[in-house]
Protein chains: 2
Amino acid sequence: MKVAVVKENAPGERRVALVPETVPRLIQAGLDVLVEAGAGDGAWFPDSAYSEAGAAIVKTDDLYKTADVILTVTRPDEAQVRRLRAGQAVFGMLSPLIDPRLARELAGKNVTAVSLDGLPRTLSRAQGMDALTSQANVAGYKAVLIAAAAYGRFFPLLITAAGTARPAKLLVLGTGVAGLQAIGTARRLGALVSGYDVRPASKGEVESLGATFIELTSVASAAGEGGYARELTEDERQAQQAELTSHIARHDVVITTAQVPGRRPPLLITEDAVKSMAAGSVIMDMGASELGGNVAGSVAGETVVTENGVTIIGAQNLPSTVPTASSSAYSRNISALLLHMTADGALKIDTGDEIQAGVVVAYDGVVVHPAVAQLIDLEGGR
Amino acid sequence: MKVAVVKENAPGERRVALVPETVPRLIQAGLDVLVEAGAGDGAWFPDSAYSEAGAAIVKTDDLYKTADVILTVTRPDEAQVRRLRAGQAVFGMLSPLIDPRLARELAGKNVTAVSLDGLPRTLSRAQGMDALTSQANVAGYKAVLIAAAAYGRFFPLLITAAGTARPAKLLVLGTGVAGLQAIGTARRLGALVSGYDVRPASKGEVESLGATFIELTSVASAAGEGGYARELTEDERQAQQAELTSHIARHDVVITTAQVPGRRPPLLITEDAVKSMAAGSVIMDMGASELGGNVAGSVAGETVVTENGVTIIGAQNLPSTVPTASSSAYSRNISALLLHMTADGALKIDTGDEIQAGVVVAYDGVVVHPAVAQLIDLEGGR
């Protein structure tokens, strides 16, 4: 079975689905590894490193002609999809619940589609395959570096001959994987950190990182399925916002991380809350997207400064900005999943397996993933 | 005595010489404080904060008409110098040893010039006035944040479900104030840090921060006057470079901090050394300036990526990019110096005082600072 790594085409995307370090693991399992020339350049992995690891560097045409399985980070673009042929399989973060059209198209071409973002994240044997977690981890780290660099004061308490600088007060809203890594990184840098999440169970995790957990009284538990927070009702959101605003106002830096897959992210910091913050404050909106963000006025990929002097940074594909780390982790995730689905040197689709049931989106000409199929039905596009 | 804070005019300069917090200290000493409208905007100090602290917000014309002492961060520009009149005094970082023309011009106008960069830095009673130290401290902190944000991997050792990420190996060349703060900040972030300086005495300081001191055998001690390293001879530099290159090659991130006041910074990382580094490595050149930098190929204010994949960042006025912290520290420095030179509510110039001998550049129509006067003589411009 020939496993091929494509060069990512999305604008600004620097990651690569497989890094040289992981190549021997696939070869050992009896697979051939092909790498599109230049695929690792953005993540600082030259073609020579792949060759040395045992992969063959191939031209784009040859790759699509000969590959059995194609590994990608993000959704293949139209040109890439056109090149795919029946019987091939694509592994990647295909976001079928955000836009199911790709799944339908791949099914129509009889291409098997495997999406890592469907992984059952709470299953312990799947944790090594969890790309959403590994990429969120990178994003949480980088979010703090960006926020620290944008902030006009020090993060740590510093005592110098010129006097004492007080530590920054930093608040993380949403303490999933990204939020916890943000808390850890901000703590490393010496900030005074608080964390908040609608799931009270995260209190222990927040406190174990040396941060303070903010407990709101206005919202009951909002733990949801698959390790996500459930979406709040409108009343709950308003009550939460009013109480949160008072906390937000007394912090120097706020990082928001709330995302709901396939939906508009919840607004956690309203215009009033932004106005309540002091000049020089910084907000990093990790929920920023084309659908909106967690912060009023945030724009994905842009930094705006409000009239009252608050800098709002809209994140955009943070994992791609730490490309070596994010690719290395992703490479381990995708190869673990691939090997889990491989038997005797060939792909073996079995949607009776709990992991495969989550990730296999299209197979044998059909969109087999129930949630994706339902979404396509809803959109009337089947 | 009316002490006035001007709005900085230099491109990209966001600092302000006095922050609201320090205003009461000057008022208590019997001084009036005037602030040019908008002076603190870049450092997130609104006019209202100065008013509340007891300062008067004034228009530019009124400021120059009525002020006895003018406080600035950097050198006043031509337009500002034109407005100065006989009998006024200017306090700031005037860099007279880099360009003595301003000192000559101010002396010609019978304006008293006091430059904080001439402070006798080793004098313990002067440490609270040491702006070079306070600003270098900010620069060292920020340099690490920028380098970390540019680096493609994590700084800390991170153990996750997707495997273990090894910590970054970071080397700081030049362990003065900026270098030590860089070491401390990189250590906070979890990097494995080494430090090197031509002054063997800095070994203890480096090690006390949890970093490894690199000892070279090719260069003897190079401790100089005033807390600086002395300039090395050409032979010493070459020997140092050859030995350093082997150390540089095995590091992921290198931060260089070597500056010699008024001179071209020493080249610490040659083109060969840059070529010896792995793709994805990052160099932050804090010595970058119009006169050149510590790193072959660095450009002040720009980021370049070499053919072998090394990112070289040329620093440019890093303190200004952390404007609230740097202004707060500078404000304490400049006000401590001003109060040291004030008696009975008036400026009292006494070059017999060790501190004043270092900082007073022009007084009573004459360039009184011997080193500056000598430089003017050398340049034949007197």
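The values are calculated or read from the model by the stated rules, or taken from the named source; none is laboratory data. Treat the numbers as computed from the prediction; the structure is a model and nothing was measured. Counting neighbours? That spans all protein chains shown, and the Cβs are built from the backbone with ideal geometry, glycine included. Remember, those area values only see protein heavy atoms, side chains included, never the ligands or the DNA or RNA. Shrake-Rupley method; radii C 1.70, N 1.55, O 1.52, S 1.80 Å.
How high is the relative contact order of the stretch A:76-155, in percent, with contacts defined as C-alpha pairs under 8 Å that are six or more residues apart? Reported as a whole number, the value is 23 percent.
Round to the nearest 0.05 the FRET efficiency obtained for B:T217 and B:L291 when R0 = 30 Å and r is the Cβ-Cβ distance. Could you put the intermediate results ahead of the total?
Values: r = 30 Å, r/R0 = 0.99.
Efficiency computed from Cβ-Cβ geometry: 0.50.
Candidates A:T22, A:A107, A:P11 compared by Cα position along the dipole of the protein assembly as shown: farthest toward the positive end lies A:T22, with charges placed on Cβ. Note on B:K348: lysines with a C-alpha under 30 Å away, same-chain residues under 8 apart excluded, are B:K2, B:K7, B:K59, B:K65, B:K109.
Taking only the C-alpha atoms of the stretch A:133-191, the Rg (one decimal) and the largest Cα-Cα distance, Dmax (whole number), read 12.5, 43 Å. So what does log10 I(q)/I(0) come out to for the stretch A:233-382 at q = 0.13, 0.14, 0.15, 0.21 Å⁻¹, using the Debye formula with one equal point on every Cα and no solvent? Each listed q maps to, in turn, -0.80, -0.86, -0.92, -1.20. A Förster distance of 35 Å, applied to the separation of the beta-carbon atoms of B:N110 and B:N9, puts the FRET efficiency at 0.95. Solvent-accessible surface, computed for protein heavy atoms with a probe of 1.4 Å, shrinks by 30 Å² or more for the following residues of the stretch B:323-339 when the other protein chains are added to the isolated chain: B:T324, B:A325, B:R332. Secondary structure note: in chain A, about 25% of the DSSP beta bridges are antiparallel.
Considering every alpha-carbon pair of the stretch B:172-217, the percent of pairs per 10 Å bin, from zero through the bin containing the longest distance, is 33, 59, 8, 0.
One way to sum up the overall shape of the stretch B:1-127 is the equivalent ellipsoid from its Cα gyration tensor, whose semi-axes run 22, 18, 15 Å, largest first. Given R0 = 51 Å, the distance between the Cβ atoms of B:A201 and A:T122 translates into a calculated FRET efficiency of 0.35.
Cα axis of helix A:234-249 to longest principal axis of chain A: angle in degrees, 0 to 90, nearest 10? With rounding to tens, the tilt is 60 degrees. Copy-to-copy label distances for B:A86, where each label lies 7 Å from Cα along Cα-to-Cβ, are 9.9 nm in order of increasing length. Backbone geometry of the stretch B:131-147 corresponds, through the Karplus equation with coefficients 6.51, -1.76 and 1.60 at θ = phi - 60°, to 3J(HN,Hα) couplings of 6, 4, 5, 5, 6, 5, 4, 5, 4, x, 4, 5, 4, 5, 4, 5, 5 Hz, x marking Gly and Pro.
Take every DSSP beta bridge whose two residues both sit in the stretch A:136-316, then give the antiparallel share in percent to the nearest 5. Don't skip to the end; give the middle numbers.
On the way: 8 of 28 bridges.
The antiparallel proportion sits near 30 percent.
Largest GNM mean-square fluctuation across A:L291, A:L119, A:L347, computed for chain A with C-alpha springs under 10 Å, falls on A:L291. Here B:D252 sits with roughly 20 square angstrom of accessible surface, probe radius 1.4 Å. Accessible surface buried by the B/A pair amounts to about 3400 Å², both sides summed, 1.4 Å probe.
Taking a cut-off of 13 Å, what percent of all Cα-Cα pairs in the stretch A:306-351 are separated by more than that?
Numbers: 728 of 1035 pairs.
The answer is 70 percent, as a whole percent.
Run the reach check for A:K169 against lysines, Cα to Cα strictly under 26 Å, same-chain hits fewer than 8 apart removed. What comes back? Partners within reach: A:K142, A:K203, A:K275, B:K142.
A simple charge model with +1 on the Cβ of Lys and Arg, -1 on the Cβ of Asp and Glu and nothing else charged puts the dipole of the protein assembly as shown at about 420 debye relative to its Cα centre. The alpha carbon centroids of the stretch A:235-281 and the stretch B:97-151 are separated by 40 Å.
Across peptide A:146-158, the average count of Cβ atoms from other chains found within 10 Å of a residue's Cβ is 6.
Average accessible surface for the stretch B:136-316: 39 Å² per residue, computed with a 1.4 Å probe over protein heavy atoms with every protein chain in place. Rounded to the nearest 20, the size of the Cβ-charge dipole of the stretch B:136-316 about its Cα centre is 620 debye, with Lys and Arg at +1 and Asp and Glu at -1. Compute the whole-percent fraction of alpha carbon pairs in the stretch B:136-316 spaced more than 20 Å apart. The answer is 48 percent, as a whole percent. Principal-axis analysis of the Cα atoms of chain A puts helix A:323-340 at an angle of about 50° to the longest axis. When the charge dipole of the protein assembly as shown is built from unit charges on Cβ atoms (+1 for Lys and Arg, -1 for Asp and Glu) and taken about the Cα centre, the candidate among A:P266, A:V282, B:I355 whose Cα reaches farthest toward its positive end is B:I355. The other copies place their B:D235 label points at 8.7 nm from this one, listed shortest first, where each point is 7 Å from Cα along Cα→Cβ.
Computed over protein heavy atoms with a 1.4 Å probe, the carbon and sulfur contribution to the accessible area of the protein assembly as shown reaches 50%. Given their separation in residues at 0.36 nm each and the Cα-Cα distance between them, B:T164 and B:T60 gain 31.6 nm when the chain is fully extended.
Over all orientations, chain B has a Cα convex hull whose mean projected area works out to 20.2 square nanometres. For the protein assembly as shown, the alpha-carbon coordinates run over 92, 66, 41 Å along the three principal axes, in decreasing order. Distance distribution P(r), the stretch A:105-161, all Cα-Cα pairs, bin width 10 angstrom from 0: 18, 25, 23, 19, 10, 5, 2 percent.
For A:T212, the residues whose modelled amide H falls within less than 5 Å of its own, excluding neighbours fewer than 5 places apart on the same chain, are A:V193, A:S194, A:G195.
Compute the relative contact order of the stretch B:261-382 as a whole-number percentage, counting only Cα pairs closer than 8 Å that sit 6 or more residues apart in sequence. Before the final figure, lay out the partial values.
Values: 145 pairs, mean separation 18.5, N = 122.
15 percent.
With its label point put 7 Å out from Cα toward Cβ, B:D377 sits 9.5 nm from the same residue's point in the other copies, in order from shortest.
Computed over chain A, relative contact order equals 19 percent, with contacts defined as Cα pairs under 8 Å that lie 6+ residues apart.
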